[in-house]
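A.B. asks: Before I ask anything, here is the structure I am working with.
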Amino acid sequence: METNFLEIIRTRRSCRSYKSEQITDGQLNAVLEAGTYAPTSRGLQSPFIVAIQNKELKVRLAKMNAEVMGVTFNPYYDAPTYVLVFVPADAPNGIQDASLVLENMMLAAHAQGLGSCWIHREYEMFATDEGKELMSQWGLPEGLVGIGALALGYPAAEPAQAKSRKEGYIRVIR
């Protein structure tokens, strides 16, 4: 395994403060493509990825997410791009598939100097009539559920150092 890749894994952190500058199309495309190469159950490629950069739509999504969370701040941390991941409700291992997509995209973002943060509550957001209407407007098939999202952009601050790994994290049984 390449040391550079291990360093990317070791140094990736959740970013909760973003510059307002939008990421480039090349950066976005690289992040999205990385998501499409995540392993999926039986190779079905069940997830759907939707990137949002439209300001009005981002405000609407932030409001929906904040309502589920019971807060008034933007749960996407005012990132310039949101990336949502959906799977069919009946997909075998859909949660795992979508989680792998999100992780691939976080690592690809970090490799390009971007910040990202996994955001939750998309399941609840897109179970609503408003959420289902948005999915329909975006041309997504019926029967999808939201699994998670990424806040994505240029970090406004240096990431924190990693916490020490816990004692006994790993067991090797031979």
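No value in this document is a laboratory result; all are computed from the given coordinates. Owing to the predicted nature of the structure, the values given are computational and were not obtained by experimental measurement. All Cβ positions, even for glycine, are placed from backbone atoms using ideal geometry, and neighbour counts span all protein chains on display.
A.B. asks: What list do you get for His110, His120 if you sort them by fewest beta carbons within 10 Å?
C.D. replies: Listing His110, His120 from fewest to most nearby Cβ atoms yields His120, His110.
A.B. asks: Distance check, please: which entries in Lys19/Lys58; Lys19/Lys163; Lys63/Lys132 exceed 23 angstrom between their Cα atoms?
C.D. replies: Values: Lys19/Lys58 15 Å; Lys19/Lys163 25 Å; Lys63/Lys132 16 Å.
In this structure, Lys19/Lys163 lie more than 23 Å apart at Cα.
A.B. asks: Please build a GNM for the chain, connecting alpha carbons under 10 Å apart, and tell me which residue among Leu114, Leu100, Leu134 fluctuates the most.
C.D. replies: Between Leu114, Leu100, Leu134, it is Leu134 that shows the largest mean-square fluctuation.
A.B. asks: Quick one: Cα convex hull volume of region 78-174, Å³ per residue?
C.D. replies: It comes to 154 Å³ per residue, whole-number rounded.
A.B. asks: Gly115's amide H: which non-local residues (gap 5+, or another chain) put their own amide H closer than 5 Å, with H modeled 1.01 Å from N in plane and none for Pro or chain starts?
C.D. replies: Answer set, sorted by chain and number: Gly153, Tyr154.
A.B. asks: Report the net charge of residues surrounding Val87, where surrounding means a beta-carbon distance below 12 angstrom and charges are Lys +1, Arg +1, Asp -1, Glu -1.
C.D. replies: Overall, the nearby charge balance is -3.
A.B. asks: Mind ordering 92-98, 22-28, 76-82, 147-153 by average Cβ neighbours within 10 Å, highest first?
C.D. replies: Peptide ranking by packing, descending: 147-153, 76-82, 92-98, 22-28.
A.B. asks: Bins of 5 Å, beginning at zero and ending with the bin holding the largest distance: percent of Cα pairs per bin for the chain, please.
C.D. replies: Pairs per bin, as whole percents: 1, 8, 16, 20, 20, 17, 10, 5, 2, 1, 0, 0.
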